[in-house]
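S.K.: One structure follows; several queries about it will come next.
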Amino acid sequence: MTTISTLAYWQLTIPFTLALGYSMIMAPQAQLVLGLSCAKVFDAEHPTSTMGGLGGVPDMAFCQQPHVQRVIAEISTALALCTTIPQVLVASPLGKLSDSPKWGRKPFMLLPILAEGANMAILVAVSSLGLSPWYLAAGFGLMGLSGGLQSFLAAFYGLLTDVIPAAHRTYFFSLAEGSVFAGMMIGPLVMTGLVEIYPASPLLVFIVAGFIFLLNAVLIQVLVPSSTVAASSDVTSSSPPPAAAPGEPARHWLDGIKMLWEPWNRSRMVLFALAFFTNLALSAHYTVFVPYTYRQFGWTSAENGLFQSLSFLCKVIALAFFLPYARSKPAKIAPPSDDTATDANGHTESTPLLLQTPKNPKMPFEVKVIQVGFLSYATTFFLYSIAPTGLMFTLATPIDAIGIIAMPLMRVLMTRTVRSANETGLLLGAQAAISGIATIVGPLLFAGVYGATVGQHDGASYAVGALFWLAALAATVWVRPEELEEGKSEVPAAVAVAGLPSEDEVVDL
């Protein structure tokens, strides 16, 4: 029976604690940038006043004015680009290096944690000293150079691909995504509680988050192998691509991006396009959520946190309903092949069984779920764009809970398009690079849309985001099911994975 290491389940605590820490500081960080940016405008317009700068943040009415909102959007976007531009440049090289047994996955999961610690220290210093928000660029830049959350997830899902048989990745990747959502749901609640209990210490959130990131680093150190696990000794695959020469970062980057077309696979190209469109659409929410809800509904960190908690609670519930279905999908095993040998006792012995390849393969059920997910996202974004009150805005969020299931499923399908487990990190790194390009274009686009329409139709950015979700939905029709067959280019489910516990140390799936 196919089994999964108990260690793999313990490793789910890693994305949980990471998401817990990140979600605690997301809203406070955005609100901090908003306040510093507003104070910068106020100081420029009232040079003799002490309300801005070191004297504090101007009142809400001033910060909600359209011309101030434009400055907030411009500064927020510029700071975001300090992360996303370096992130695009390093994502593929880091993904490729994580495939190397010399390095393994661990360093590329620890690096973003260290960078986030430095970023939080800079946030606290800038806020405490009342400095210009532009000083925050240093911390954002460090996050970009570390690869950030994208590189962390690429390394983590590469780790799971090393140890999870292809037939069960839909279930386990969804379970991993659920651990992320659970952290993202609890983190804002912890943040809101700290803000309410200690209103005079708004920076306490960053200190508590720092301890959570420290715990996350300890878990990575203990639970993640020091080198990449060999997936199989008899996988039908090519050797890993040759490493680029030292000192040639451009070559490293191009080697990763070549995964788009070498070897040619149309479905893989479509999946890369979906990664681009989905991240582009999501950047609408990440770019304008805080200024939009601040201007429209007067939301602060507390309301932002409660909204995020409710949003991710809905996503956890959606995944909880989906997991039993994903788990119940049977793996079809082919009958013994012609090269099966028979021993003296009449028992057969063959090479590891591959999953059956039907002559006329049907579209994988994952693609259908992705299509429903994209439609739910498009609907939610459209409702966000026209929500007249904070309550109506909040009531729209359960709809996109279905859509979040699409994210792990895209990674699952992506891992089926490579012939070697040693290429997984490179593949997911390339996907992270493509997603990173979207996170560069997206904030520029949606900050521009928001700046041009604020005061007229504040929700226009969400409406444009809905169009990108529809574009992603349309692109799914180009997927070829025969290029995504389970087991065709993956590690056979029956192959023992080197480095895993013995059979009596594992639990049945």
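The values are calculated or read from the model by the stated rules, or taken from the named source; none is laboratory data. All of these numbers come straight from a predicted model, not from anything done at the bench. Reconstructed Cβ throughout: ideal geometry from the backbone, glycine too, with neighbour counts over all protein chains shown. The accessibility values were calculated without ligands, DNA or RNA, using every heavy atom of the protein model including side chains. Shrake-Rupley method; radii C 1.70, N 1.55, O 1.52, S 1.80 Å.
S.K.: Is it fair to say residue 73 is part of a helix (DSSP H, G or I), more than 30 Å from residue 296 (Cα to Cα) and touching a helix residue (DSSP H, G or I) at 6+ places or on another chain (Cβ under 9 Å)?
M.R.: no
S.K.: If you take the residues of the stretch 382-415 that are of a type in the set (S, T, N, Q) and within 29 Å of residue 295 (Cβ to Cβ), which of them is surrounded by the most Cβ atoms within 10 Å (Cβ to Cβ)?
M.R.: The extreme case among them is 385.
S.K.: Assess whether residue 445 counts as being surrounded by fewer than 24 Cβ atoms within 10 Å (Cβ to Cβ), at pLDDT 85 or above and out of contact with any helix residue (DSSP H, G or I) (no Cβ under 6 Å at 6 or more places or on another chain).
M.R.: The answer is yes for residue 445.
Listed here are the residues, each with its yes/no results for (1) under 28 Å from the mean Cα position of the chain (by Cα); (2) modelled with pLDDT of 85 or more.
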position: 29; (1), (2): yes, yes
position: 35; (1), (2): yes, yes
position: 38; (1), (2): no, yes
position: 46; (1), (2): no, no
position: 52; (1), (2): no, no
position: 59; (1), (2): no, no
position: 68; (1), (2): no, yes
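S.K.: Hey, another quick one. Specify the residue that is modelled with the highest pLDDT; the eligible residues are those in the stretch 433-442 that are out of contact with any Gly (no Cβ under 8 Å at 6 or more places or on another chain) and open to solvent by less than 10 Å² (accessible area, probe 1.4 Å).
M.R.: Selected residue: 442.
S.K.: Looking at (1) at pLDDT below 80; (2) closer than 26 Å to residue 457 by Cα, which one does residue 80 not meet, given that it meets all the others?
M.R.: (1)
S.K.: Here's another thing I want to ask about it. Among the residues of the stretch 276-311, which ones are part of a helix (DSSP H, G or I), of a type in the set (Ser, Thr, Tyr) and either open to solvent by 20 Å² or more (accessible area, probe 1.4 Å) or in contact with a Pro (Cβ under 7 Å, 6 or more places away or on another chain) (or both)?
M.R.: 283, 286, 287, 301, 309
S.K.: Among the residues in the stretch 184-191, are any within 28 Å of residue 93 (Cβ to Cβ), of a type in the set (Val, Ile, Thr) and in a helix (DSSP H, G or I)?
M.R.: No: the stretch 184-191 contains no residue that is within 28 Å of residue 93 (Cβ to Cβ), of a type in the set (Val, Ile, Thr) and in a helix (DSSP H, G or I).
S.K.: So, in the stretch 128-142, of the ones that are aliphatic (A, V, I, L, M) and at pLDDT 90 or above, which residue ends up most open to solvent (accessible area, probe 1.4 Å)?
M.R.: Of everything passing the filter in the stretch 128-142, 142 is most open to solvent (accessible area, probe 1.4 Å).
S.K.: Also: For the stretch 161-198, what are the residues that are of a type in the set (Ser, Thr, Tyr) and either within 30 Å of residue 427 (Cβ to Cβ) or open to solvent by 30 Å² or more (accessible area, probe 1.4 Å) (or both)?
M.R.: Residues satisfying the conditions are 161, 170, 171, 174, 179, 198.
S.K.: Mind listing whichever residues of the stretch 284-312 are touching a Phe, Trp or Tyr at 6+ places or on another chain (Cβ under 7 Å) and more than 17 Å from residue 389 (Cα to Cα)?
M.R.: If the condition is that a residue be touching a Phe, Trp or Tyr at 6+ places or on another chain (Cβ under 7 Å) and more than 17 Å from residue 389 (Cα to Cα), then 284, 287, 312 are the ones that fit.
S.K.: Restricting attention to the stretch 56-68, does a residue exist that is buried (at least 17 other Cβ atoms within 10 Å of the Cβ), part of a helix (DSSP H, G or I) and aliphatic (A, V, I, L, M)?
M.R.: Yes, the stretch 56-68 contains a residue that is buried (at least 17 other Cβ atoms within 10 Å of the Cβ), part of a helix (DSSP H, G or I) and aliphatic (A, V, I, L, M).
S.K.: I'd like to check something: does the stretch 9-17 contain any residue that is within 16 Å of residue 287 (Cα to Cα) and not β-branched (Val, Ile, Thr)?
M.R.: Checking the stretch 9-17: not a single residue is within 16 Å of residue 287 (Cα to Cα) and not β-branched (Val, Ile, Thr).
S.K.: If you take just the helices (runs of 4 or more DSSP H) that sit entirely in the stretch 104-168, which of them hold at least 3 residues that are without any contact (Cβ under 8 Å) to a residue 24 or more places away in the chain?
M.R.: Once the helices (runs of 4 or more DSSP H) in the stretch 104-168 are filtered for at least 3 residues that are without any contact (Cβ under 8 Å) to a residue 24 or more places away in the chain, what remains is 106-129.
S.K.: List pairs: first in the stretch 66-79 and farther than 10 Å from residue 444 by Cα, second of a type in the set (Lys, Arg), Cβ under 8 Å, 6+ apart or cross-chain?
M.R.: Cβ pairs passing all conditions: 69/295; 71/40; 75/40.
S.K.: Please enumerate the residues belonging to the stretch 360-381 that are open to solvent by 10 Å² or more (accessible area, probe 1.4 Å), under 25 Å from residue 167 (Cβ atoms) and in a helix (DSSP H, G or I).
M.R.: 365, 368, 369, 371, 372 - these are the residues of the stretch 360-381 that are open to solvent by 10 Å² or more (accessible area, probe 1.4 Å), under 25 Å from residue 167 (Cβ atoms) and in a helix (DSSP H, G or I).
S.K.: Checking the conditions here, which among 341, 244, 331 is surrounded by fewer than 16 Cβ atoms within 10 Å (Cβ to Cβ), at pLDDT below 70 and over 30 Å from residue 194 (Cα atoms)?
M.R.: Answer to the selection: 341.
S.K.: Only residues that are within 30 Å of residue 39 (Cβ to Cβ) and open to solvent by less than 30 Å² (accessible area, probe 1.4 Å): list them for the stretch 82-118, please.
M.R.: 83, 84, 86, 87, 112, 115, 116
S.K.: Only residues that are among the charged types (D, E, K, R) and over 30 Å from residue 195 (Cα atoms): list them for the stretch 261-302, please.
M.R.: Correct list: 262, 266, 268.
S.K.: Now for a different question. Determine, yes or no, whether residue 73 is modelled with pLDDT under 85, among the small types (Gly, Ala, Ser) and crowded, with 17+ Cβ neighbours inside 10 Å.
M.R.: Taking the combined requirement at face value, the residue does not satisfy it.
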